[in-house]
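Undergrad: Got a structure for you, written out below as structure tokens; questions coming shortly.
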There are 2 protein chains.
Amino acid sequence: MPDDSFHVFDTTLRDGAQREGVTLTIADKLAIAKLLDEFGVGFIEGGWPGANPKDTEFFQRASQELPLKHAQLTAFGATRRAGVRAADDPQVAALRDSGAPVVTLVAKSDVRHVEQALRTTPEENLEMVADTISHLRESGQRVFLDCEHFFDGYRYDPEYAVSVVRTAADAGVDVVVLCDTNGGMLPADITAVIAELRERTDVRLGMHAQDDSGCAVANTLAAVDAGATHVQCTANGYGERVGNANLFTVVGDLALKYGRDILPDDCLREATRVSLAIAEIVNIAPATHQPYVGISAFAHKAGLHASAIKVDPDLYQHTDPTLVGNDMRMLVSDMAGRASIELKAKELGLDLGDDREAVGRVVDRVKSLEQAGYSFEAADASLELLLREELGRQVRYFETESWRVIAERSPTDAGAARPALFTSQESEAVSEATVKLYVKGERVIATAEGNGPVNALDRALRSAVEGVYTALASLSLTDYKVRILEGGTGTGAITRILVTFSDGRSEWTTVGVGENVIDASWIALEQAVSYGLLMQGYPAP
Amino acid sequence: MPDDSFHVFDTTLRDGAQREGVTLTIADKLAIAKLLDEFGVGFIEGGWPGANPKDTEFFQRASQELPLKHAQLTAFGATRRAGVRAADDPQVAALRDSGAPVVTLVAKSDVRHVEQALRTTPEENLEMVADTISHLRESGQRVFLDCEHFFDGYRYDPEYAVSVVRTAADAGVDVVVLCDTNGGMLPADITAVIAELRERTDVRLGMHAQDDSGCAVANTLAAVDAGATHVQCTANGYGERVGNANLFTVVGDLALKYGRDILPDDCLREATRVSLAIAEIVNIAPATHQPYVGISAFAHKAGLHASAIKVDPDLYQHTDPTLVGNDMRMLVSDMAGRASIELKAKELGLDLGDDREAVGRVVDRVKSLEQAGYSFEAADASLELLLREELGRQVRYFETESWRVIAERSPTDAGAARPALFTSQESEAVSEATVKLYVKGERVIATAEGNGPVNALDRALRSAVEGVYTALASLSLTDYKVRILEGGTGTGAITRILVTFSDGRSEWTTVGVGENVIDASWIALEQAVSYGLLMQGYPAP
């Protein structure tokens, strides 16, 4: 059970939001904060109230709508403006009045930034640090200080950088966080600088690393080795430019390799779930190759690795994936061998018996389909259907005769205003699909509308099949991915479609390949619906 | 100019190919090898001839079709089988006869793997190492030895691990590569182990790091600090599970921060181009947030960062992006401020004059469009059209009256064989689009076919416009991305479409958003074609 002796400080909502492509609503922020709290972080930096109106509102709503179990909410902001008293600075007031029990102030500790970016004197900057910290402490808040550009600043003018740290310590700051803001430091630099700093002050130290040199995690660990007891991270390493130190990697390393007790009991197992959930909210495809929590982190491809893992998973894994809520996965690809197929069938709950010939057929079929552009690694449902077919247990609930889909936008009324660049005209666009199938021997025609051709086809298909298989109503198409592959023989590009369905309890993904995008989508849809019927327990006719 | 004193050893084609989702043809491998050579690596590990038929062919073709300027081709393979002489082992023969001047052998150095995975004795394993190395050296090849699981093995039984290294050294191996095969080591572990090993042997050492603990790059640098002069990496960090040490990050750090002369002159500038080109061949979306070469690596978002960068880019960049062939980019988002817009306009070559009001309008319009789901960060062409419109220089070459697209698959002939699970029926699927536009006051109707609805719409649109603007023929749609966004007000999901066009010389990307996928695609297509006409130099009517 952790106490205040080690701080896991998350800044996903503030620094993480500075990642290219991320735009967070207040609802997003509240949802992410709840997840971070479930993961057991000690501090959640919620944003910059006062400077960012969305953040001001976030802190207001958080006090009502965000019951935190483990974490303390932290407001981020700058030291007071030059020449104004902290007590008179409205931005400082916004921090003070945010309702957050902790404030993280950012101060310049690189004298060049003081002069060129802030346009003030080194002495006034120190005053700004002391004044703002004192003011907030008098108001009853706990204060951490982010020393922006600390390592670059220390390199340029070590005396000044140290004076900023000491000024903060004298003013009663709780933690001085050394920031490698430009991300240019390597672990040896961190070690050396903190060792020297330790000779000059015994204030509590923290680390904030950026990943521009690919060493954010290592730099954070180096700081901990050198005595830091406060680490700043972001979920999935989101952040400005390359990003920040990844929360799940840093915590995984500290908990599992350093053996440090830094999260509340059982929180580490939430890592994978929280990582994926945050990626979904932030609307960024999950980084499949992240340490610990990535979907590929414990996925084994090489045939030889699979053979060894059959003997003992630890032969090729550095830790037990379930400790971080992840799973071991066997990948079936053109590198697959019999061991991979056997382990995969086991993973999917299919009994291969001792049918070595069937396993060989599956291996060959997978390799040839992969040559054609299929990729089963992300489409377990398709792989399962293939395995079942090769084992003589195929799943064929319906047969397609034909399909047709139309999408159109009709003309607006004469005299309608000239449309703006980014909005469509007054009239709506409509997509409609008609499918003709045989279900249990009967010919069925169904038509449906949708928000696009694939959505319309999906609805028409399910509408056609639902008449006979009534439990289909609970299915929904939740994701759709298009990848354009180069045609190897010059016949033109082929497309690979991945379709994900959900029935409210579980999700499954299927794959289709073809020269025509809609046709490839149809192949994936057919399988996805068949798989859905299989999951519902309908016997194959 | 580098010599043999430091090895930049790339294993993209062998270890990198073990990344989930990667399938390489021989043509892919040859193309990637050429790019790696252009980047100036010293060694290219091409694959496992003998064990993998594709690789055997790769080495044969490489001797004819791959004139290497900087790199030496390396064959990878295992030590001889237990109980068989190296001279009699066909797999060893395949390495010997591959035509590669260098062979990298992988040997077990963890005694548990010797016993459980290889099922042989520790002594025989040492014989296998000595015998295979000697045999290949007698045949005139240079040999490196990958000590698989070295660090785990050293932890378990240091004497045995060291004996493997010494045996290899005595047999005349050039480099002993210490592999953190399971990726569980942290930099301090690497430093400690290599320091101890250095006391026991002075054979040349190399490092092969996996990224399971998020420290592959740092572990590689730690090894170099401890005396290693051979680093194994993969392009973009591709590899088994989480991946390997990223070639561009390791080389960037060693060249730019250690000041080491490890690439031929001017090769470092090829980094970004080579990184992207390899991602394209491998058909993996480029990792936008990679250090040095990622498209986001020098992209600045926070308004305050933009203001400082206006003064001096070095205030927020750890190095000069052009040294690695990358660029600084200003991101325009809801965090954008005036400085971001001004710098962006400058980047796009647009003169804002001193129109502060226009800048303000652009900032507001961008923020509100981003709230609606637009994302301009990846769509510079759309942003430029918006800027031009706000500056009164709008670009409107045509006006859309209506469009319609149909896709269908007709029924097969009666009696056709029951179709297999992953292939479509005999009949082809067809997509056809009809658009009705006004171009220079005249109403034009055009119909075209395509391999999908968007492709068909694109062709119909261009067909309609080409009659008047004849230079459009050189345009082609090269990429199409769909992202399904959650509707914030419960009206259903909205889709964001990014469309990329090329005219053979440059590429541009536009964005469209809407509830209907095809409609959102149309918005992006309209802009992309307009932008194409702008690039061709047609004056706006």
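Undergrad: Pull up region B:493-524, narrow it to residues that are part of a loop (DSSP other than H, G, I, E, B) and acidic (D, E), then point me to the one that is farthest from B:M535 (Cα to Cα).
TA: Looking at the filtered set, the residue picked out is B:E515.
Undergrad: Does B:A161 count as among the aliphatic types (A, V, I, L, M), open to solvent by less than 20 Å² (accessible area, probe 1.4 Å) and touching a helix residue (DSSP H, G or I) at 6+ places or on another chain (Cβ under 9 Å)?
TA: So B:A161 fits the description; yes.
Undergrad: Among strands (runs of 3 or more DSSP E) lying entirely in region B:125-242, which contain 3 or more residues that are in the same structural domain as B:I262 (by TED's automatic domain parsing), within 35 Å of the chain's Cα centre (by Cα) and in contact (Cβ under 8 Å) with a residue 40 or more places away in the chain?
TA: Per the criteria, B:142-148, B:175-180, B:230-233.
Undergrad: Condition first: out of contact with any helix residue (DSSP H, G or I) (no Cβ under 7 Å at 6 or more places or on another chain), facing chain A (nearest Cβ under 8 Å), touching a residue at least 24 places away in the same chain (Cβ under 8 Å) and closer than 30 Å to B:D355 by Cβ. Now tell me which residues in region B:382-412 satisfy that.
TA: Within region B:382-412, just B:E399 meets the criteria.
Undergrad: Only one of B:G183, B:G227 is open to solvent by less than 10 Å² (accessible area, probe 1.4 Å) and either within 28 Å of B:A71 (Cα to Cα) or more than 10 Å from chain A (Cβ to nearest Cβ) (or both); which?
TA: After applying the criteria, what remains is B:G183.
Undergrad: Follow-up. Given the structure, is B:I278 part of a helix (DSSP H, G or I) and either among the β-branched types (V, I, T) or without any contact (Cβ under 8 Å) to a residue 24 or more places away in the chain (or both)?
TA: In short, yes.
Undergrad: Select from region B:292-320 the residues that are over 29 Å from A:G77 (Cβ atoms) and under 18 Å from the mean Cα position of the chain (by Cα) and write down the one among them that is most open to solvent (accessible area, probe 1.4 Å).
TA: B:I295
Undergrad: Related question: Report the residue count in region B:108-119 for those that are polar (S, T, N, Q) and modelled with pLDDT of 95 or more.
TA: The qualifying residues number 1.
Undergrad: Tell me which of these B:V92 doesn't satisfy, since it passes every other one: (1) within 22 Å of B:N244 (Cα to Cα); (2) more than 28 Å from the chain's Cα centre (by Cα).
TA: So the condition that B:V92 fails would be (1).
Undergrad: Given the options B:A433, B:A446, name the one that is among the aliphatic types (A, V, I, L, M), free of Cβ contacts under 8 Å to residues at least 24 places away in the same chain and not in a helix (DSSP H, G or I).
TA: After ruling out the rest, the residue left standing is B:A446.
Undergrad: Would you confirm whether any residue within region A:281-297 is out of contact with any Phe, Trp or Tyr (no Cβ under 8 Å at 6 or more places or on another chain), away from chain B (no Cβ under 13 Å) and at pLDDT 75 or above?
TA: Checked against the condition, which is being out of contact with any Phe, Trp or Tyr (no Cβ under 8 Å at 6 or more places or on another chain), away from chain B (no Cβ under 13 Å) and at pLDDT 75 or above, region A:281-297 yields no hits at all.
Undergrad: Can you pull out the residues in region A:370-392 that are of a type outside the set (S, T, N, Q), open to solvent by 20 Å² or more (accessible area, probe 1.4 Å) and under 24 Å from B:I284 (Cα atoms)?
TA: Selection gives A:A372, A:A378, A:D380.
Undergrad: So A:L369 fits all but one of (1) facing chain B (nearest Cβ under 10 Å); (2) farther than 26 Å from A:V517 by Cα; what number is the exception?
TA: A:L369 satisfies every listed condition except (2).
Undergrad: Of the conditions (1) free of Cβ contacts under 8 Å to residues at least 12 places away in the same chain; (2) in contact with a strand residue (DSSP E or B) (Cβ under 7 Å, 6 or more places away or on another chain), B:A51 fails just one. Which one is it?
TA: (1)
Yes/no matrix, rows are residues, columns are (1) open to solvent by less than 30 Å² (accessible area, probe 1.4 Å); (2) outside any loop (DSSP other than H, G, I, E, B); (3) at pLDDT 95 or above:
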site	(1), (2), (3)
B:V41	yes, no, yes
B:E45	yes, yes, yes
B:F59	yes, yes, yes
B:P67	no, no, no
B:G83	no, no, no
B:A93	yes, yes, yes
B:G99	no, no, no
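Undergrad: Okay, moving on. Out of the residues in region B:464-483 that are among the charged types (D, E, K, R) and touching a residue at least 12 places away in the same chain (Cβ under 8 Å), state the one that is least open to solvent (accessible area, probe 1.4 Å).
TA: Ranking the candidates gives B:D479 first.
Undergrad: If you check every pair at least six apart or on different chains, which have Cβ atoms under 6 Å apart with a residue in region A:513-540 that is within 13 Å of chain B (Cβ to nearest Cβ) first and a residue that is surrounded by fewer than 24 Cβ atoms within 10 Å (Cβ to Cβ) and of a type in the set (D, E, K, R) second?
TA: Pairs that qualify, where the first residue is within 13 Å of chain B (Cβ to nearest Cβ) and the partner is surrounded by fewer than 24 Cβ atoms within 10 Å (Cβ to Cβ) and of a type in the set (D, E, K, R), are A:V513/A:R496.
Residue-by-condition table, conditions (1) farther than 14 Å from B:V324 by Cα; (2) modelled with pLDDT of 95 or more; (3) of a type in the set (A, V, I, L, M); (4) open to solvent by less than 20 Å² (accessible area, probe 1.4 Å):
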| site | (1), (2), (3), (4) |
| --- | --- |
| B:T234 | yes, yes, no, yes |
| B:R241 | yes, no, no, yes |
| B:N244 | yes, yes, no, yes |
| B:L247 | no, yes, yes, yes |
| B:V250 | no, yes, yes, yes |
| B:L256 | no, yes, yes, no |
| B:L263 | no, yes, yes, yes |
| B:D266 | no, no, no, no |
| B:R273 | no, no, no, no |
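Undergrad: Starting from residues that are out of contact with any Leu (no Cβ under 9 Å at 6 or more places or on another chain) and surrounded by fewer than 24 Cβ atoms within 10 Å (Cβ to Cβ), keep the ones in region B:498-515 and report whichever is nearest to A:G452 (Cα to Cα).
TA: Ranking the candidates gives B:E515 first.
The values are calculated or read from the model by the stated rules, or taken from the named source; none is laboratory data. Keep in mind the model is a prediction, meaning the values are calculated, not measured. Cβ: placed from backbone, ideal geometry, glycine included. Neighbour counts: every protein chain shown. The protein model used for the area step is the full one, side chains on, heavy atoms only, and it has no ligands, DNA or RNA in it. Shrake-Rupley method; radii C 1.70, N 1.55, O 1.52, S 1.80 Å.
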